[in-house]
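Presented below is the structure to which this report refers.
Just so it is clear, none of the values below were taken in a lab; they were calculated from the coordinates. Predicted, not measured: the structure shown is a model, and the values here were computed from it.
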Amino acid sequence: MKKILALIILAITLLFAIWYATVYFATYSEGVRSGELIKFSNKGVMFKTWEGEISQGISGAQIFSFSVEGKNKEVIKKLEEFQGRYVKLKYKERFATISWLGDSKYFVIDVEEEESPHFRK
């Protein structure tokens, strides 16, 4: 009986490890999006995550929500600096959300400031 219980626990643990590795390391897509950085904050009660939004339209009709992993200190610093400016975000999309990493499936891996298309000379 103890052997069967141990095998069941081992199988459940192994399945969870495979699921987590797939969600964390495999990327569903990668891409770039541009817009005005309208929100960037560190939120959460038990797990603090970095969450942000860019507006991709003039009226704010298209909002792109994203997360940033806490280990990406350089990206976090740049996003705090670029608040309210037009930015280009390079991101990777995961298969699912992981609550202790962020609220979104989209994780920003690089950011740079860009000239706004609304105010070009």
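Across all C-alpha atoms in the chain, the radius of gyration and Dmax reach 18.5, 76 Å.
Taking only the Cα atoms of the stretch 1-50, the ratio Rg/Rh comes out at 1.26, with Rh defined as the Kirkwood radius.
Normalised by the number of residues in the chain, the average gap of Cα pairs under 8 Å and 6 or more apart makes the relative contact order 26 percent. For the options 102, 44, 52, a Gaussian network treatment of the chain with springs between C-alpha atoms closer than 10 Å singles out 44 as fluctuating the most.
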